[in-house]
Amino acid sequence: MAVFPSVGRPRRPFLLAAAAAVAVLLHALARGADAQLSAGFYSSSCPTVHGVVRQVMSQAVLNDTRSGAAILRLFFHDCFVSGCDASLLLDDTPTTPGEKGAGPNAGGSTFGFDVIDNIKTQVEAACPGVVSCADILALATRDSVNLLGGPSWAVPLGRRDTTVPNPADAAKLPGPDSDLAGLVAAFAAKGLTPRDLTALSGAHTVGMARCVHFRTHVYCDANVSPAFASQQRQACPSSGGDASLAPLDSVTPNEFDNGYYRGLMTGAGLMRSDQELFNNGQVDSLVRLYGTNPAAFSADFAASMIRLGNVGTLTAASGEIRIDCRKLNS
């Protein structure tokens, strides 16, 4: 997986400027989220939860620099199934298969569950039976992005955890060979726009992909830079070597910045689904915007993460507050 910068790296000027420019917008989005979600949901019942999550994530990224991208991937793959309800965190049982081995989640492509377990253990010690696994994952994702140099945002909270995994829908997650029309349709099905699609795809500024997921693109597609394709073929043979890894962002693979879009603009999108965002289509202009204006990317990414975090949430009496994120309470 990816090698990320160490925790505590000084924030770059564009991120500081972006944070100042969009603070009001992001707080407004947090207030305007699902009526039963609120950034201050735990202000009385568990006021220490933010500090606990931040401390554990800081240590996790320091111990294993792959952790940030791993948690970010978990959040996407959780929200894109039945909603942001921690369904992905459930282990298989003898009678009920979970989502961890379904579709793009199979083969160990999702990990970081132990980090969420660690956070949950510490949160339960401070506030037993109060904070959901879905909210812990949302907070950990925000902190992962920020610790890797990206923006921060107020996370609307108050989600509850599902009692039913959905492996069938997990198998339908957008794949690495998706075209733009398929990606737009998949995001629209979740109430997200092409702008959200383009901004959220910037999460690929960190992390790695396996050869099996980008082989077809670098060997067969015409919209890939010949020099970039040649470079990737050295690590990804035409047959075999399926597990070989390459960074999704070849420009600045260790930083959460706008290098992903700069790569797309030169034909250096690692997977077909990446380069589809800059292929004479409807979101080319957004890729240019984010590739040349890092503050615009920072602002739009944070706003789109809030919208993604509102997809399919369970609140009030729905679902449960799991004591162990890997299994149902009963």
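The values are calculated or read from the model by the stated rules, or taken from the named source; none is laboratory data. Computed from a predicted structure; not experimentally measured. To get the accessible areas, we keep the full protein, side chains included, count just its heavy atoms, and leave off ligands, DNA and RNA. Shrake-Rupley method; radii C 1.70, N 1.55, O 1.52, S 1.80 Å.
Computed quantities for the displayed model
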quantity: Protein accessible area in segment 246-330, 1.4 Å probe - carbon and sulfur %; calculated: 50
quantity: Accessible carbon and sulfur surface of segment 130-243 relative to its total accessible area, %, 1.4 Å; calculated: 54
quantity: Crossing angle, helix 113-126 versus the chain [Cα axis fit, 0-90 degrees, rounded to tens]; calculated: 20
quantity: Cα centroid separation, segment 44-61 to segment 209-285 (Å); calculated: 35
quantity: Top of Leu88, Leu270, Leu200 by mean-square fluctuation, Gaussian network on the chain, Cα under 10 Å; calculated: Leu200
quantity: Per residue, the convex hull volume that the Cα atoms of the chain enclose (Å³); calculated: 127
quantity: Residues of the chain: accessible area per residue with a 1.4 Å probe, Å²; calculated: 39
quantity: Proximal lysines relative to Lys172, as straight alpha-carbon distance under 22 Å, when same-chain residues fewer than 8 apart are discounted; calculated: Lys100, Lys190
quantity: Residue-span extension gain [Ala189 to Thr163] - 0.36 nm each, minus C-alpha spacing; calculated: 7.1 nm
quantity: Helix axis angle, 67-79 relative to the chain longest principal axis, alpha carbon, degrees; calculated: 80
quantity: Separation between Cα centres of segment 165-180 and segment 93-147, rounded to whole Å; calculated: 19
